[in-house]
């Protein structure tokens, strides 16, 4: 799944697709409503590819969280993000038991579930592994040995 062109914008609900670079920011299109807008330079825009969840000892990329949800739900929707906070946290704990409870807020968990459901509805979840990654890692390891 390529999450580099899918954006979350602070202060706006939903997800957006990157269209192009504008003079004063980026031009994006809502994944659901297909409306275009200019996200100004002062807006906090994050590509889903760059988002990770804190655990006790590392950060887990959002793609891996989506993969775990997908496997748990057998390719179906996850729980309703509007459920009570304790139910959301319990479910998230089943997916990622080692998540950092101090750094990961309930609002973050709600966003993960909301984004997953949006991408699944739009058939934008592709959980295939990138075949180039292992080759690159192998080449880097061999170069460092020399």
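The values are calculated or read from the model by the stated rules, or taken from the named source; none is laboratory data. Please read all numbers here as calculations on a predicted model, not as lab measurements. In this analysis, Cβ positions are derived from the backbone assuming ideal geometry, glycine residues included, and neighbour counts consider all displayed protein chains.
Numbers for the structure displayed
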| quantity | calculated |
| --- | --- |
| Selection count, region 74-97, where residues are surrounded by 12 or more Cβ atoms within 10 Å (Cβ to Cβ) and out of contact with any helix residue (DSSP H, G or I) (no Cβ under 9 Å at 6 or more places or on another chain) | 2 |
| Options 54, 91; residue that is modelled with pLDDT of 95 or more and either out of contact with any strand residue (DSSP E or B) (no Cβ under 9 Å at 6 or more places or on another chain) or part of a loop (DSSP other than H, G, I, E, B) (or both) | 91 |
| Enumeration of residues in region 48-59 that are closer than 19 Å to residue 107 by Cβ and surrounded by fewer than 16 Cβ atoms within 10 Å (Cβ to Cβ) | 50, 52, 55, 59 |
| Positions within region 14-28 being assigned to a strand (DSSP E or B) and either more than 19 Å from the chain's Cα centre (by Cα) or more than 23 Å from residue 81 (Cα to Cα) (or both), in sequence order | 18, 19, 20, 21, 25, 26, 27, 28 |
| From 98, 93, 49, 59, residue being touching a residue at least 12 places away in the same chain (Cβ under 8 Å) and farther than 18 Å from residue 125 by Cα | 98 |
| Residue check, residue 27 touching a helix residue (DSSP H, G or I) at 6+ places or on another chain (Cβ under 7 Å) and surrounded by 14 or more Cβ atoms within 10 Å (Cβ to Cβ) | no |
